[in-house]
Amino acid sequence: MQFSIPLKRNPERATHFLFCGFMIFLAAFLLPMSTKAVNNIYYTLVLLPLLFTLDRETLRDFHRNPLVNLWYLLLGYQLLSYTWSIEYSEEFVPNLKRLFYLYGLGLVIFVLVRSGKPLSRWVIPAAPLLIALSAIGNMLWFYSTHDFPQARLVGASRISNPIFFGSIAAAFSAAALVQWHGWSRRYRLLLLLAVAVNLGTIYLSQSRTALLGMGVCIGSLLLILPRLRWLALACVAALGLLALVVDWQPLLARGMSYRPDIWLAQWQRVVESCSALFGCGLGVNPQIALEPTHNLHHPHSIYMAWVVYGGLLGLAAYLSVLGLILRASLKVERLLPWVALLLVGLGATVVDGDKLLESPKALWLLLHLPVAVLLAEHARARRKDAITAGDPLRSDAGAAR
């Protein structure tokens, strides 16, 4: 009697299970769960089913796209910077594991996109509504024991940090608004209500990071996509109206939150102790002390983090690869929601964030998720081109899939 694993015997069922597991994983970010619990969901409901859907052809199709290879070479470069690190660190193996997590994320989304699973049709419309519901729950929970609206809103979910909650709310709201003409009237009304709640969340959480992300997204739409200028101008008008009716003093009172001082101190350390071109390596401890009692544990900017860990060369590579991804994606209408989401993430991470090699956390939703979707869509398009051109490397079974 021959034994075989049912999911391996039925790839379509495995892909369906993978899709359900990935949706549960995304929903876990909105729940009051520990980091370990979210990681366990990712292992068991996402990475494990992925193993039953992979084959040599899938990997070849995934890496057929040069953008995919450039992105993972970029992440590998950040890990490789350990070799010239000025300090010894035991974090190499954990960061190697995080690199495989992120590679797994890219493969998962490619498998789902290639198999025709409705990832965009589920995530883009549902996310702003679910985030708004989560925000309402957080507000009711938080302000039951704090002064409203003076206290800075926080929550109990994995994205409850005031910096990230507002940024993620802004990012997914922008992604849904970009497709405004494609929604029904009923959904448009729900979306407007969700956007209003999410703007309230941004204000109550005093998240200037989210406002910066929105500014980058709106400015980019105004400059790059003339057909979406109406949306950008409508967002500017809404923010202007909001500025007239609320008190912005709580946001302005905190000033720049030491950001220029942090970046200057990090840059001075790079040029004095390391190499401006290659940085200090990922093994370096980025903690600095601006005051005897004020220790800061990371550079508070993805871009400055690239300078610290990978030098100006790493920063230039990061900006170049992202520029290529955005340039290719702006040409495809159905990818614009993910482009808008990524633009908010790129703006928000100007003033916060650390290294890209992270376990599942808020940074995944702002950067890694939209990048993975855009890369998967381009990889699928390249696969279709190969089939149309009659690529001799492709098998008949692969062409028929």
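To the nearest 20 debye, what charge dipole does the range 83-195 have about its Cα centre, counting +1 at the Cβ of each Lys and Arg and -1 at the Cβ of each Asp and Glu?
720 debye
Quick check on the range 80-136: take the gyration tensor over C-alpha atoms, sort the square-rooted eigenvalues as a ≥ b ≥ c, and tell me if it's rounded (a/c under 1.5), prolate or oblate. Please report the intermediate quantities before stating the final value.
On the way: a/c = 4.72, a/b = 1.87, b/c = 2.53.
It comes out oblate by the Cα gyration axes.
Residue-wise, which Karplus ³J(HN,Hα) couplings in Hz belong to the range 137-151, taking 6.51 cos²θ - 1.76 cosθ + 1.60, θ = phi - 60°, and x for glycine or proline?
x, 4, 5, 4, 5, 6, 7, 6, 10, 10, 6, 9, x, 5, 5
Quick one: accessible surface of residue 214, probe radius 1.4 Å, all protein chains present, in square angstrom to the nearest 10.
30 Å²
Rounded to a whole number, what % of the accessible area of the range 266-358 do carbon and sulfur atoms account for, probe 1.4 Å?
Working: 2020 of 3430 Å².
Result for the range 266-358: 59 percent of the exposed heavy-atom area is carbon or sulfur.
Could you give the radius of gyration (one decimal) and Dmax (whole number) of the Cα atoms in the range 12-67, in Å?
Computed over the Cα atoms of the range 12-67, radius of gyration and Dmax are 13.5, 39 Å.
Which of rounded, prolate or oblate describes the range 103-154 when judged by the alpha-carbon gyration tensor and an a/c cut-off of 1.5?
Details: a/c = 5.55, a/b = 2.95, b/c = 1.88.
Because a/c hits 1.5 or more and a/b exceeds b/c, the range 103-154 counts as prolate.
Going down the list 331/355; 36/97; 117/361; 97/355, which pairs span over 19 Å between their C-alpha atoms?
Working: 331/355 29 Å; 36/97 14 Å; 117/361 24 Å; 97/355 14 Å.
Flagged as over cut-off: 331/355; 117/361.
Considering the range 22-142, what Rg and Dmax in Å follow from its alpha-carbon atoms?
Rg and Dmax of the range 22-142, Cα atoms, are 17.5, 50 Å.
How much of the accessible area of the range 125-224, probe 1.4 Å, is carbon plus sulfur, in whole percent?
Details: 3020 of 4390 Å².
That fraction is 69 percent.
Roughly how much of residue 129 is accessible, in Å² to the nearest 10, using a 1.4 Å probe?
Around 50 Å² of this residue is reachable by solvent.
Specify the inter-centroid distance of the range 170-203 and the range 259-333, based on alpha-carbon positions, in whole Å.
33 Å
Is the C-alpha gyration tensor of the range 73-189 telling us rounded, prolate or oblate? Criteria: a/c under 1.5 is rounded; beyond that, a/b larger than b/c is prolate, otherwise oblate. Intermediate values should be presented prior to the final figure.
Numbers: a/c = 2.99, a/b = 1.31, b/c = 2.28.
Verdict is oblate for the range 73-189.
Using a 1.4 Å probe, how large is the accessible area of residue 124, given in Å² and rounded to the nearest 10?
0 Å²
For the range 18-73, give the percent of accessible area contributed by carbon and sulfur heavy atoms, probe 1.4 Å, rounded to a whole number. Write out the running numbers ahead of the final one.
On the way: 1800 of 2450 Å².
On the range 18-73, the fraction of accessible area on carbon and sulfur atoms equals 74 percent.
Using the beta-carbon distance between residue 230 and residue 140 and R0 = 51 Å, what value does 1/(1 + (r/R0)^6) give for FRET efficiency, to the nearest 0.05? Walk me through the numbers on the way to the answer.
Details: r = 35 Å, r/R0 = 0.69.
Result of the calculation: an efficiency of 0.90.
The values are calculated or read from the model by the stated rules, or taken from the named source; none is laboratory data. Remember, it's a predicted structure, so these values are computed and weren't measured experimentally. Cβ coordinates were reconstructed from backbone atoms using ideal geometry, including for glycine residues, and neighbour counts include every protein chain displayed. Keep in mind that these areas ignore ligands, DNA and RNA; they rest on the heavy atoms of the full protein, side chains included. Shrake-Rupley method; radii C 1.70, N 1.55, O 1.52, S 1.80 Å.
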